[in-house]
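Before any comments, here is the structure.
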Amino acid sequence: MSGITLSGVTKRFGDTIAVDDVSLTVDDHELLVLLGPSGCGKSTLLRMIAGLEEMTAGEIRIGDRVVNDVEPKDRDLAMVFQSYALYPHMTVRANIEFPLRSRKVPKDQRALQVAEAAEMLDLTDYLDRKPSQLSGGQRQRVALARAVVRRPAAFLMDEPLSNLDAKLRAATRIELVELQRRLEATIVYVTHDQVEAMTMGHRVAILDRGVLQQLGSPQEVYDRPANLFVARFIGTPPMNTVRGRLETAGGTPVVRIGADGVELPGAAAAAAAADGLLEIVLGVRPEHVEIVTDGTPGALTATVEVVEHLGHEQHVVGRLGDGQLVTVRQGSHLPAPPAKSSVRLAVRVEHAHCFDPETGARLG
Ligand SMILES: Nc1ncnc2c1ncn2[C@@H]1O[C@H](COP(=O)(O)OP(=O)(O)OP(=O)(O)O)[C@@H](O)[C@H]1O
Ligand SMILES: [Mg+2]
């Protein structure tokens with residue numbers, strides 16, 4: 001049993017609250033991603049799990065053992081950092097073997113475990129080289145092999161792929177997912193890259209300014225963001241979020257944006273009414289906005305600012321009458337409207353999200 005449970009974990013550095021009352025459970029054999037912008041407290045949280053940083057308050061359990069007062073070396077965790085931290089004067093073999101030596105594992109067994117870890121990470125042919133004779137991706141794999149070799153209860157990884165170029169990063173991402181599956185490892189993985197989080201994580205914990213915003217599967221946080229922060233953080237291009245006044249038109253709740261009105265999903269309208277809100281933020285992903293012909297009711301009028309061509313798709317950025325921007329994502333087979341032309345944008349209401357403009361909380 002190697003799940004990890006955090007209860008009320010808090011870290012203050014003087015007046016800065018780096019981690020604010022975080023409670024969550026990492027399940028046994030789970031790859032849980034900690035995601036959030038720079039400075040949100042990801043590394044601090046990971047370092048507290050590792051025992052490298054003292055907590056201001058809270059409790060951490062690994063398996064069924066409270067580890068608050070357990071030394072880092074006795075927590076049975078392996079950490080992998082962004083900097084590979086390999087010993088430059090040692091061969092790849094010696095680097096991988098190092099944690100076994102310091103645990104006084106007998107020689108024969110060491111050789112066996114090193115061979116196995118090297119095989120797993122495709123390093124067998126490089127065992128006699130020095131780190132300086134390897135590529136960045138190979139060095140990263142040595143760091144992973146060194147973590148894997150001693151089969152810890154769980155792995156803690158802090159942006160381990162961020163020194164790699166985009167292509168190698170994507171390839172290593174897939175290798176890591178495979179490795180996790182093969183080892184049935186429990187992994188806490190820190191990143192600020194949402195693509196990494198969405199593709200690798202069984203679940204994703206999103207942090208902002210030290211506070212846990214949402215914890216769910218990648219699909220859950222994408223489909224039902226708990227608040228405006230998560231809505232804007234997950235998804236590329238980001239979700240459109242436009243502010244408007246709540247009104248009723250012929251008995252139907254609408255959000256009035258400039259001269260246009262967009263019908264509201266019933267549950268959100270009811271929640272907004274119950275909270276007595278006069279304004280709301282309407283959230284709609286770029287793939288749920290469509291350029292429609294003139295005269296379509298319930299659409300927004302916009303002026304095309306720019307069209308970005310990405311080859312497989314295009315992003316049309318329009319500016320509404322009141323200055324707010326809305327991005328449309330559409331297939332590259334569709335005609336791109338010319339810059340400065342006027343377009344009508346229809347929102348697929350069944351996919352719209354509504355948020356409280358003051359608290360940012362999801363409505364309905
Ligand atoms: N030793 C320290 N002393 C004072 N403040 C610190 C210390 N370590 C971290 N902080 C502050 O705590 C907050 C969280 O830092 P942390 O390194 O955990 O962020 P992060 O999410 O890992 O960011 P990044 O993505 O840039 O690595 C930041 O505001 C940071 O300035
Ligand atoms: Mg960090």
Condition check for THR359: of a type in the set (Ser, Thr, Tyr) and either closer than 23 Å to ASP223 by Cα or outside any strand (DSSP E or B) (or both) | yes
Selection from segment 66-124 of residues farther than 21 Å from LEU134 by Cα and among the hydroxyl-bearing types (Ser, Thr, Tyr) yields SER102
Picked from segment 186-219 (must be aliphatic (A, V, I, L, M) and surrounded by fewer than 21 Cβ atoms within 10 Å (Cβ to Cβ)), the residue modelled with the lowest pLDDT is VAL195
### GLU184 being touching a strand residue (DSSP E or B) at 6+ places or on another chain (Cβ under 9 Å) and among the charged types (D, E, K, R)
no
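Yes/no matrix, rows are residues, columns are (1) more than 16 Å from ligand 2 (Cβ to nearest atom); (2) touching a residue at least 24 places away in the same chain (Cβ under 8 Å):
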{"residue": "LEU6", "(1), (2)": "yes, yes"}
{"residue": "THR10", "(1), (2)": "yes, yes"}
{"residue": "ASP15", "(1), (2)": "yes, no"}
{"residue": "LEU24", "(1), (2)": "yes, yes"}
{"residue": "LYS42", "(1), (2)": "no, yes"}
{"residue": "LEU45", "(1), (2)": "no, yes"}
{"residue": "ALA50", "(1), (2)": "no, yes"}
{"residue": "ASN68", "(1), (2)": "yes, no"}
{"residue": "ASP76", "(1), (2)": "yes, yes"}
Take the conditions surrounded by 18 or more Cβ atoms within 10 Å (Cβ to Cβ), modelled with pLDDT of 95 or more and not small (Gly, Ala, Ser) and apply them to VAL262. Does it pass? no
Those residues of segment 165-190 that are within 16 Å of ligand 1 (Cβ to nearest atom) and over 20 Å from the mean Cα position of the chain (by Cα) come to a total of 0
So the strands (runs of 3 or more DSSP E) completely within segment 235-333 holding 2 or more residues that are under 19 Å from ARG224 (Cβ atoms) are 240-249, 279-284
* To do: Please indicate, with yes or no, whether at least one residue in segment 145-156 is outside any loop (DSSP other than H, G, I, E, B) and either surrounded by fewer than 21 Cβ atoms within 10 Å (Cβ to Cβ) or within 16 Å of ligand 2 (Cβ to nearest atom) (or both).
  => yes
Given the conditions (1) modelled with pLDDT of 95 or more; (2) among the polar types (S, T, N, Q); (3) within 16 Å of ligand 1 (Cβ to nearest atom), every one holds for SER162 apart from (1)
Can you confirm whether VAL33 is within 16 Å of ligand 2 (Cβ to nearest atom) and surrounded by 19 or more Cβ atoms within 10 Å (Cβ to Cβ)?
yes
Can you find a residue that is in contact with a helix residue (DSSP H, G or I) (Cβ under 8 Å, 6 or more places away or on another chain) and closer than 28 Å to THR359 by Cα anywhere in segment 183-191? yes
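The values are calculated or read from the model by the stated rules, or taken from the named source; none is laboratory data. Only a predicted model underlies this, so the values are computations on that prediction, with no experimental measurement involved. Note that each Cβ is placed from the backbone with ideal geometry, even for glycine, and that neighbours are counted across all protein chains shown.
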